[in-house]
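**Student:** Pasting a structure below so you can have a look.
The values are calculated or read from the model by the stated rules, or taken from the named source; none is laboratory data. In this text the structure is predicted, and so the values were computed from the model without any measurement. No Cβ is skipped: glycine too gets one built from the backbone with ideal geometry, and neighbour counts run over all protein chains shown. SASA here: full protein model, heavy atoms, side chains in, ligands and nucleic acids out. Shrake-Rupley method; radii C 1.70, N 1.55, O 1.52, S 1.80 Å.
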Amino acid sequence: MRVGILTAGGDCPGLNAAIRAGARYLLEHGHEPVGIARGYRGLAEGDCRRLEEPELSGILPAGGTILATTGYDPFDDPEGPERVRATLQAERLDAIVAIGGEHTMDVSRRLYEELGVGLVGVPTTIDNDVPGTDFSFGFDTAVQVASDAIDRLHTTGASHHRVMVLEVMGGETGWIAAFAGIAGGADGIVIPELELTVEELAGAISKRHERGKHFSIIVVAEGAELAFESGQRRTVQSSDDTDEYGYPRLGGIGHALATELEGRTGFEARVTALGHLQRGGTPTAHDRLLATRYGLHAAEMVLNGEYGRMAALQGTAMGSVPLSEVKGLKAVDPRYLEMARTFFG
Ligand code: F6P
């Protein structure tokens, strides 16, 4: 079989580990892995190359993706589906392994259902918000970066008696903020899934300072809203533009929150926004292992003809779910929110 492998949407640590595992498995079983460059754009443009052993060597710890990535959607291009069909034929591709987030899974579902492409999806995103799987790879690395930042903010915040606000990614969900906040011992988190007013948070910080703790660390997810006692709600975007998927360009809520907290508590506040530092660089050992398991499982699914499905981590086991069930975003599991309530205001 000739099996195309592509990475689409936002990159994340572990993509190369997944490509390597899937391609090696196919090679070992006598099949031909074909790298498709720049996500679905490469599939529409016929930008494909055979993946051979030398290109797969040494990439396990490398961040980014050797295949490059875009958010191109063939269904937004009037000629897209036809161009995809032409490449599949010209390259004699029997199946595609598409590695990406929720939007990529949706495009993959349509290609499977509407064009009959033999598709297997692999969920990836630092946000951990793809439904149907417990964890996607890339998330652990982002949490590690954010909890390392919290450790560093602790010492400088404590030295200056400041409120340190850390803004993390997460799109419309608070997985990174919740996990890093718990792991790093933050004093408060502001995420879309938790109802908490700015006044309540400021009150908790003031109480903490009255108890003799002269600094606080607050983690805020970039997609969270600032909610006020009055019922007013405020979102913050880095610009009025939307990204290539039509989602708002997020970023900047950390500064808005810090200003509100400083005004209400009287404590000096400082902001750190981690941004793309959470997406770049080498994956943690956990993510390398998880990405490897995903890559191997996806290749196995292709060889078994299990198309129209997404590889999924179910508890500790690797399984799969139909792409038709991968819809919307997965909010933070309430069990983690319960844990978070024990520690945060
Ligand atoms: O989906 C991953 C993510 O990192 C989000 O948390 C973030 O909002 C978005 O991508 C930013 O993407 P970019 O800046 O690459 O368009």
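**Student:** What number of residues in region 243-267 are of a type outside the set (Asp, Glu) and either near the ligand (Cβ under 10 Å from one of its atoms) or part of a loop (DSSP other than H, G, I, E, B) (or both)?
**Tutor:** Total meeting the criteria: 10.
**Student:** Hey, another quick one. Could you go through region 8-15 and let me know if any residue there is part of a helix (DSSP H, G or I) and open to solvent by 10 Å² or more (accessible area, probe 1.4 Å). Steps first, please.
**Tutor:** Of region 8-15, the ones part of a helix (DSSP H, G or I) are 15.
Now narrow it down to the ones that are open to solvent by 10 Å² or more (accessible area, probe 1.4 Å): none.
For region 8-15, residues part of a helix (DSSP H, G or I) and open to solvent by 10 Å² or more (accessible area, probe 1.4 Å): absent.
**Student:** A further question on this structure: Just give me the residues in region 191-217 being more than 13 Å from Ala269 (Cβ to Cβ) and open to solvent by less than 20 Å² (accessible area, probe 1.4 Å), in sequence order.
**Tutor:** Of everything in region 191-217, just one residue is more than 13 Å from Ala269 (Cβ to Cβ) and open to solvent by less than 20 Å² (accessible area, probe 1.4 Å), namely Ile191.
**Student:** Considering each residue of region 57-92, count those that are of a type in the set (Ser, Thr, Tyr) and in a helix (DSSP H, G or I), and give that number.
**Tutor:** The total comes to 1.
**Student:** For region 219-235, enumerate the residues that are within 13 Å of the ligand (Cβ to nearest atom) and either open to solvent by 80 Å² or more (accessible area, probe 1.4 Å) or touching a His at 6+ places or on another chain (Cβ under 8 Å) (or both).
**Tutor:** Listed by number, the list holds a single entry, Thr235.
**Student:** Look through Arg249, Arg335 and report the one residue that is in contact with an Asp or Glu (Cβ under 6 Å, 6 or more places away or on another chain) and basic (Lys, Arg).
**Tutor:** Sole residue among the options that is in contact with an Asp or Glu (Cβ under 6 Å, 6 or more places away or on another chain) and basic (Lys, Arg): Arg249.
**Student:** Take region 93-105 and flag every residue that is under 21 Å from Pro33 (Cβ atoms) and either free of Cβ contacts under 8 Å to residues at least 40 places away in the same chain or outside any loop (DSSP other than H, G, I, E, B) (or both).
**Tutor:** Correct list: Ala95, Ile96, Val97, Ala98, Ile99, Gly100, Thr104, Met105.
**Student:** Could I ask something else about it? Determine which member of the set Gly251, Gly315, Gly308, Gly266 is surrounded by fewer than 14 Cβ atoms within 10 Å (Cβ to Cβ), farther than 22 Å from Ala204 by Cβ and of a type in the set (Gly, Ala, Ser).
**Tutor:** Just one listed residue meets the conditions, Gly315.
**Student:** Same structure, new question: Consider region 175-215. How many of its residues are of a type outside the set (Phe, Trp, Tyr) and in a loop (DSSP other than H, G, I, E, B)?
**Tutor:** Of the residues in region 175-215, 13 are of a type outside the set (Phe, Trp, Tyr) and in a loop (DSSP other than H, G, I, E, B).
**Student:** Could you count how many residues in region 106-116 are surrounded by fewer than 24 Cβ atoms within 10 Å (Cβ to Cβ), touching a residue at least 40 places away in the same chain (Cβ under 8 Å) and either within 16 Å of the ligand (Cβ to nearest atom) or of a type outside the set (Phe, Trp, Tyr) (or both)?
**Tutor:** Number of matching residues: 3.
**Student:** I've got another one for you. Of all residues in region 202-247, count the ones that are among the aromatic types (Phe, Trp, Tyr) and more than 21 Å from Gly10 (Cα to Cα).
**Tutor:** Residues in region 202-247 being among the aromatic types (Phe, Trp, Tyr) and more than 21 Å from Gly10 (Cα to Cα): 2 in total.
**Student:** Tally up the residues in region 268-301 that are of a type outside the set (A, V, I, L, M), part of a helix (DSSP H, G or I) and within 16 Å of the ligand (Cβ to nearest atom), please.
**Tutor:** 4
**Student:** Would region 162-173 turn up any residue that is crowded, with 24+ Cβ neighbours inside 10 Å, within 15 Å of the ligand (Cβ to nearest atom) and assigned to a helix (DSSP H, G or I)?
**Tutor:** Within region 162-173 (the criterion being crowded, with 24+ Cβ neighbours inside 10 Å, within 15 Å of the ligand (Cβ to nearest atom) and assigned to a helix (DSSP H, G or I)), the answer is no, since none of the residues qualifies.
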